[in-house]
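The structure appears below as structure tokens.
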Amino acid sequence: MQSVVPKAGDIDITGLEDENIDIEGLLAIDKNVWLEDIANIEEYFAQFGDRLPKEMAEELTKLKANLNN
């Protein structure tokens, strides 16, 4: 899967009032936080059982797999 998050150097911040912005920090992805959120979503989805659209479960599975790569 190709990343859709730009690199810090790809973002032109010239002309902004404060050019000392932590772009790398803003673009960082904390996988542990996302995995915690996924666990919460899985718990929420469980209440729907067979009524949960399979597409929603599939997207969550894809997200989890992408974070574990």
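If you go through the stretch 7-30 and pick out every residue that is closer than 25 Å to L60 by Cβ and open to solvent by less than 90 Å² (accessible area, probe 1.4 Å), you end up with 3. Give the residue that is modelled with the highest pLDDT, with candidates limited to residues of the stretch 31-69 that are aromatic (F, W, Y) and open to solvent by 90 Å² or more (accessible area, probe 1.4 Å). Only one residue tops the list, namely Y44.
Taking first residues from the stretch 1-20 that are closer than 23 Å to L67 by Cα and partners that are among the polar types (S, T, N, Q) and at pLDDT 80 or above, the Cβ contacts under 7 Å between residues at least 6 apart in sequence or on separate chains come to M1/N66.
The values are calculated or read from the model by the stated rules, or taken from the named source; none is laboratory data. Quantities reported herein were computed from a predicted structural model and do not represent experimental measurements. Please note: Cβ atoms are built from the backbone with ideal geometry, for glycine as well, and neighbour counts cover all protein chains shown. Remember, those area values only see protein heavy atoms, side chains included, never the ligands or the DNA or RNA. Shrake-Rupley method; radii C 1.70, N 1.55, O 1.52, S 1.80 Å.
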